[in-house]
1. How many residues are in a helix (DSSP H, G or I), among the polar types (S, T, N, Q) and buried (at least 16 other Cβ atoms within 10 Å of the Cβ) if we restrict to region 86-138?
2. So, restricting to helices (runs of 4 or more DSSP H) that lie completely within region 355-429, which ones have at least 3 residues that are within 10 Å of ligand 1 (Cβ to nearest atom) and buried (at least 18 other Cβ atoms within 10 Å of the Cβ)?
3. Identify the single condition in (1) in contact (Cβ under 8 Å) with a residue 12 or more places away in the chain; (2) within 16 Å of ligand 1 (Cβ to nearest atom) that T338 does not satisfy, given that it satisfies every other one.
4. Is region 255-266 home to any residue that is touching a Gly at 6+ places or on another chain (Cβ under 6 Å), farther than 29 Å from S72 by Cβ, in the same structural domain as E170 (by TED's automatic domain parsing) and assigned to a strand (DSSP E or B)?
5. If I go through region 253-312 residue by residue, how many of them are among the small types (G, A, S) and in contact with a Phe, Trp or Tyr (Cβ under 7 Å, 6 or more places away or on another chain)?
6. Restricted to region 220-254, and to residues that are over 14 Å from N150 (Cβ atoms) and outside any loop (DSSP other than H, G, I, E, B), which residue is farthest from ligand 1 (Cβ to nearest atom)?
7. Give region 100-141 a look and list any residue that's in contact with a Leu (Cβ under 8 Å, 6 or more places away or on another chain) and either at positive phi or without any contact (Cβ under 8 Å) to a residue 24 or more places away in the chain (or both), or say none.
8. So, in region 147-170, how many residues would count as being outside any helix (DSSP H, G or I) and surrounded by 24 or more Cβ atoms within 10 Å (Cβ to Cβ)?
Amino acid sequence: MREHKQTASIPATRLPEPAFVSVPLSQHIGVPAKPVVSPGDHVDIGTVIGTVETGLGCPVHSSVSGTVKEISSYNNAQGQPIQSVVIENDGLRTRAESVVPPGIKLEDATPEQIIEIVKNAGISGLGGATFPTYAKIQSAIGKVDTVMINCAECEPYITANHRLLLERGENVVEGLEILMHALNVKEGILAIEDNKMDAVKEMESILKARGKEGLRVAVMRTKYPQGDERQLIYAVTGREVPAGKLPADVGCLIVNAETSCAISRAFYRGIPLVSRIVTVEGDCVKHPRNVRAPLGASYMDLINFCGGFVKEPKKIISGGPMMGQAQWDFNAPVTKGTSAILAFSEEHDRINTIHTACIHCGMCVHHCPMHLMPNYLAEYAHEKRYDEAEKLNVMSCVECGTCSYNCPAGVQIVQQIRVAKGVLRAKKR
Ligand code: SF4
Ligand code: SF4
């Protein structure tokens, strides 16, 4: 698989202040936040604009300073209506009074205090999964002996974590130390693929300078889907996560590199999660690069900042080409889960070039890292035989997209599997 990581050598650039942001109130797995601001209200960077009172979820903060214009609704890539707070940016970048360092020394911090800080900062998994990080820490207490920072970034094109390691590596290590302290863990690992040796060097020199015991860099072979938690744990520790179990069940907590950085910024500086790095790439983009963008900025804001389109895009993808989601709206907002915006023309949109029935070549079975039978799973899902798909362990699919990528017939395997998983999950609920 070609890597297409050209943007790794270009420093990330901050997006000039957008005129408006539209900050979704559901950017995490769990209960959507409820708006706590109204049109006409003044907000600053870090003002809480949405809260979750009960259940799993994260608060949402304003990413700019300005005036709330409306609470509107838009349909996300799955067609689900999502409430969002539209804010007219005054461009002054004033911070909310609540954005102050908590003032707790790490050695004195209790697990509960750390969890509270992470929760109040609205941090959810920035690798794309968007699971609330406070809940992940909570559920790992007393269970894990290793904290691992996932710096694999194995999908083609995406280099946001790579730039982060080079530019804010210190913060990533601080986040790791905070997690280790919260979980009383002695081993902390930064897991990096061997296509980022400059980042490996940088992180090793940061670790050396800090001189703390128990922290190390693990260099992994570059292969897809190395960034999947199960693959990562096996590659670094040799432990296998059984089907239906979680990393914590084998003693590991895995957190994405940018999430770790966000934990540090919240703990030491009191800054909630209001921005992220996004890789803007694809053959339609004039000047591909990584962009630091406030949450809620539109995809078009980022694309225009990168010089706009040089040819007509056939497909816009949020995330990587393997696991990302095709978007139908160029004005969709950047969310906590937006690691990349990719714009491809027709000739690059390989998956749509051929479409035939399954020819039973077995390529998908051969390549599936979870040892599933993707061809049957897709067939059962297509025929709505969801119970049979469940018997073949469809819920163990990590949606890596390797099967679809390798299918010579262009069968939309992972898309069908996602539908089956969604139906089975809904049934369970
Ligand atoms: S997406 Fe395909 S290859 Fe990846 S785990 Fe699921 S079935 Fe296997
Ligand atoms: S790779 Fe495609 S054509 Fe081959 S068995 Fe799997 S679904 Fe069928």
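The values are calculated or read from the model by the stated rules, or taken from the named source; none is laboratory data. From a predicted model like this one, the values you see are computed outputs, not experimental measurements. Note that we place each Cβ from the backbone using ideal geometry, even for glycine, and neighbour counts take in every protein chain shown.
1. Residues of region 86-138 that are in a helix (DSSP H, G or I), as a first pass: 106-108, 111-120, 133-138.
Keeping just the survivors that are among the polar types (S, T, N, Q) gives 113, 120, 133, 138.
In the following step, the residues that additionally are buried (at least 16 other Cβ atoms within 10 Å of the Cβ) were identified as 120, 133.
Residues flagged as in a helix (DSSP H, G or I), among the polar types (S, T, N, Q) and buried (at least 16 other Cβ atoms within 10 Å of the Cβ) within region 86-138 amount to 2.
2. Working: elements: 363-367, 374-382, 386-391, 402-406, 413-428.
By residue number, 374-382, 402-406, 413-428.
3. If we test T338 against (1) in contact (Cβ under 8 Å) with a residue 12 or more places away in the chain; (2) within 16 Å of ligand 1 (Cβ to nearest atom), just (2) comes out false.
4. The answer is yes; a qualifying residue exists.
5. So the first thing to find is which residues in region 253-312 are among the small types (G, A, S), and the list is 257, 260, 262, 264, 266, 270, 275, 282, 293, 296-298, 307-308.
Now drop any that are not in contact with a Phe, Trp or Tyr (Cβ under 7 Å, 6 or more places away or on another chain), which leaves 282.
Qualifying residue count, region 253-312: 1.
6. A248
7. Residue satisfying the conditions is G122 alone.
8. Let us first name the residues in region 147-170 that are outside any helix (DSSP H, G or I), namely 147-159.
Going one step further and asking which of them are surrounded by 24 or more Cβ atoms within 10 Å (Cβ to Cβ), we end up with 147-155, 157-159.
Qualifying residue count, region 147-170: 12.
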